[in-house]
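Written out below as structure tokens is the structure these notes cover.
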Amino acid sequence: MQSPDTPDTTSTDTASAVPAALRGSGRAGVSTGRAHRGAGEAHGPGSQRTGAIEVRRSPRRRRTVTAYREDDRTVVLIPASFSAAEERRWVAQMVAKLETREDRRRRTLGGDDELAARARALSEAHLGGVLPSSVRWVDNQNRRWGSCTPADRTIRLSSRLRGMPEYVVDYVLVHELAHLLEPAHDDAFWALVGRYPRAERALGFLEGVESRVGAAPVGDQGGTD
């Protein structure tokens, strides 16, 4: 299950990943406790929150296990019928898979030089080749995804984007590049942003993330400036 509201999600069908002889060996009849975030997901006996990992058991799940990041922790969704041993094994496996995917994405996005090259390619493809004076990652933008200063033509992207799909990073870059041509968020500006084919999908992704973490609504700025 891939939720559009989560920056990075990985799911596995346990029936296809476990030998046939072991399928259905989990203990059934595990009662669930009070629901904690997410429709149909609940804590029950054997559920645990250890450090930055939170396990949520669901009676609605039969075979799939899902892991994703939420705020400052990793959430792992498992069937309520899992035994304690199955829970430990699947949590370790899913967290490792999620970390591997995120590491691969970070290597792909690279540092400031790679980000600048990405901005150049996007500008040439969608905005007529307009170029900023610099593009860089920053760690101090916690209330916006990106920012642009047209006066000195600098663009900054929040390092929080590193864990998100590449098309979302590209959207924020196009958004900030468009400010070099149209500083205001007027119709002309949004027409430029709309040249990026996945703009609407990326904006919806960011709105979902902001909704989950309780950030300010996207509004007409799309979480960027």
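The values are calculated or read from the model by the stated rules, or taken from the named source; none is laboratory data. Here the structure is a predicted model, which means the values were calculated and not measured. All Cβ positions, even for glycine, are placed from backbone atoms using ideal geometry, and neighbour counts span all protein chains on display. The protein model used for the area step is the full one, side chains on, heavy atoms only, and it has no ligands, DNA or RNA in it. Shrake-Rupley method; radii C 1.70, N 1.55, O 1.52, S 1.80 Å.
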Length gained when the stretch residue 143-residue 101 is fully extended (0.36 nm per residue, less Cα-Cα span): 12.6 nm
Karplus-derived HN-Hα couplings along the stretch 180-192 (A = 6.51, B = -1.76, C = 1.60, θ = phi - 60°), whole Hz, x at Gly and Pro: 5, 9, 9, x, 8, 8, 9, 4, 5, 4, 5, 5, 5
Accessible area of residue 159 in the full protein assembly, 1.4 Å probe (Å², nearest 10): 40 Å²
Most to least packed among 85-98, 144-157, 171-184 [average Cβ atoms within 10 Å]: 171-184, 144-157, 85-98
